[in-house]
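**Student:** My structure is below; once you've seen it, I'll send some questions.
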Amino acid sequence: MEKFQTVCPYCGTGCNVDIFVENNKIVKAEPTKDHPVNDGELCLKGMYGWEYVHSPRRLTKPLLRKKDGVFSKEGKLEEVSWDEAYKFAAERIQSTVDKYNPSHIMGFSSARCLNEDNYVFQKFFRALGTNNVDHCARL
Ligand code: SF4
């Protein structure tokens, strides 16, 4: 069993967690002892919130709601390529900005992303002309 020290991704506190991996699967997590942030303690999310990593229900590919091969709100979710997903999102954002104005779009990111990811995300939306940017930590 190998041990990897990493940062808990669930909130901005920055607790360190030791992840134990066996046969390429996480088998347990423990708080990093003597770490200046959490000093051997973890909340329930940090301690047990890693099981999703190996869940067969985890989304790993983009899905688009389609009916008869094209997007439809009444359609069923279908797996699509990343290129198709990006193209669809870009066209929808652009058409909304063109039809209305940039204040009609917003970006909603995740507290589970890295600071650098969230920085680029908010920069992208501000470059589109809107300050409507938020993330799930405020819910
Ligand atoms: S263990 Fe809990 S408090 Fe610490 S970073 Fe993770 S979610 Fe936040």
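**Student:** Taking amide H positions as placed 1.01 Å from N in the peptide plane, with prolines and chain starts having none, which residues 5 or more places from residue 28, or on another chain, fall under 5 Å of its amide H?
**Tutor:** So residue 28 has HN proximity to 20.
**Student:** How about the stretch 88-139: which chymotrypsin sites (Phe, Trp or Tyr not before Pro) there lie in a loop by DSSP and see at most 11 other Cβ atoms within 10 Å? Before the final figure, lay out the partial values.
**Tutor:** Numbers: sites: 88, 100, 108, 119, 121, 124, 125; in loops: 100.
Answer by residue number: 100.
**Student:** Which of the lysines could be linked to residue 28 by a straight reach, that is with a Cα gap under 30 Å, when you skip same-chain ones fewer than 8 residues away?
**Tutor:** Residue 28 reaches 3, 45, 61.
**Student:** Given 37 °C and 0.692 mPa s, how large is the Stokes-Einstein diffusion coefficient of the chain in µm²/s, with Rh as the Kirkwood radius over Cα pairs?
**Tutor:** Estimated diffusion coefficient is 180 µm²/s.
**Student:** Nearest 10 degrees is fine. How inclined is helix 115-127 to the longest principal axis of the chain, computing both from alpha carbons?
**Tutor:** The answer is roughly 10 degrees.
**Student:** Taking only the alpha-carbon positions of the stretch 2-54 and ignoring solvent, what does the Debye formula give for the base-10 log of I(q)/I(0) at q = 0.13, 0.22, 0.26 Å⁻¹?
**Tutor:** Debye curve over Cα of the stretch 2-54, log10 I(q)/I(0) at q = 0.13, 0.22, 0.26 Å⁻¹: -0.27, -0.75, -1.01.
**Student:** Could you pull out the longest piece of the chain with no exposed loop GluC sites (Glu not before Pro) in it, calling a site exposed if DSSP puts it outside H, G, I, E, B and it has at most 13 other Cβ atoms within 10 Å? Could you put the intermediate results ahead of the total?
**Tutor:** Working: sites that count: 41, 74.
With a cap of 13 other Cβ atoms within 10 Å, the longest stretch comes to 75-139.
**Student:** Run the Debye formula on the Cα coordinates of the stretch 63-138, all scatterers equal and no solvent, and tell me log10 I(q)/I(0) at q = 0.17 1/Å.
**Tutor:** -0.82
Readers should treat all values here as calculations from the given coordinates under stated rules, not as data from a laboratory. Since the structure is predicted, the reported quantities are computational estimates derived from the model, not experimental observations. Don't worry about glycine lacking a Cβ; one is built from the backbone with ideal geometry, like all the others, and counts go over all protein chains shown.
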